[in-house]
Amino acid sequence: MPEILRGVRCGLEPLPPGIAERFEALHLEITSGAVTEFADAGADTELFAEATRPHLGKNWLDLPWFFAEALFYRRVLHATGFFGEGPLARVDPYAQAKHAELTPSEGLGRLSKVLEALADESQARVQQLLLASLWGNRVDLSYNVATALGAYQGDAASDLLIDDTGIVVERLTARAGKIALIADNTGTELLMDLALVRELLSLGKHVELHLKAQPTFVSDATREDFVGTLACLERTPGVLKALAQALNAALDAGQLEVVTDLFYTSPWHYPQLPEDLVRRFRGCDLVILKGDANYRRLCSDAHWPHTTPFSDVVDYFPAPLVALRTLKSELIVGLSPGTSERLSAEEPGWLVKGRRGVIQAWLP
């Protein structure tokens, strides 16, 4: 967290005096102080105030992990005056890092290679794009270990620990219906997600793309990131411009819908889904849930035995789902007996390196 805070500050300098003081206070608090209250004009201020009350006065290292992360990124927005009327109001504090990935040598180049290699047959295309969407999750600007693997596409035989691709492809290509994709990172990952979305639209699906309502976790995708990504694709001739044109046409026709909800930047887990999202998901044929943090929230960020059946953990969810996630935390369920022990012997740290992935489905 101190490293991320320093990076954000450097990207925004020179800082106005009041904002510099809030950055210094937050740095001191997370490194040597205790959790304090904050107040601003955000729509989620009271939500965080309620969640923080039981932890006031505690050292940050004593907080539940996901709660500490969610609170930290919310406090960064408070420090910059994101919800106020000052010079950094509504300015994404991570924009500089995000934009660096939308270049021909980074995300745009990776996406071009994926699109140019697509098969002619529909199911094969969906399978290719599911894998591209999964491995795109490696590029995470809040986690340098995984970002280093960003250009590495993975080997399905050894790196894909749980592979439900076959039944997921059947579900996605079977009939028209509604699909929700809960996005994770912008940049490479969002580009791969949009290629998958375009393919689903071509199959007659109605697609909801769920994005963050405000900046968090450095590279998490917001509505503004989506708009900026589409504009970047439109300026790039060839297959990338065609992708943008197809997505814009779907937006205009109402076939593609962008959804934001404050739940996605809250400290709550998926068993605490608000009723508006529960209603949305109940109408879906499938929910595609992206990324490590979403997987942790799906599993209540708990240390389940690794062989616990996925269905035992997620059967509360209001719709069939598939998790596309590269491993960046010490949490996984649904492994066959002996797999965890073998991987621990072969590659210590396999749970957190971002190399391994899952396409893990619950289709009741």
The chain: longest segment with zero exposed trypsin sites (Lys or Arg not before Pro), where exposed means DSSP loop plus at most 15 other C-beta atoms within 10 Å, is residues 236-364
Given pairs K113/K241; K241/K353; K205/K290 and cut-off 26 Å on Cα-Cα distance, the over-length ones are K241/K353
For the pair A124 and E3, the simple spin-label estimate (label points 7 Å beyond Cα toward Cβ) gives in nm 4.2 nm
The stretch 99-362: relative contact order from alpha carbon pairs under 8 Å, six or more residues apart, as a whole percent, is 23 percent
At the level of C-alpha centres, the distance separating the stretch 24-74 and the stretch 285-364, in angstrom, is 27 Å
With +1 on the Cβ of every Lys and Arg and -1 on the Cβ of every Asp and Glu, the dipole magnitude of the chain about its Cα centre, in debye rounded to the nearest 20, is 360 debye
Checked against the structure, the computed semi-axes √(5λ) of the Cα gyration tensor in Å among (1) 32, 25, 20; (2) 34, 21, 20; (3) 41, 24, 18 is the one labelled (1)
Largest fluctuation, S344, S266, S122 only, Gaussian network model of the chain with Cα springs under 10 angstrom, belongs to S344
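Read the figures in this text as sums done on the coordinates, not as results from a lab. Small disclaimer: the values here were computed from a predicted structure and weren't measured. When we count neighbours, we look across all protein chains shown, and the Cβ atoms used for this are built from the backbone with ideal geometry, even at glycine.
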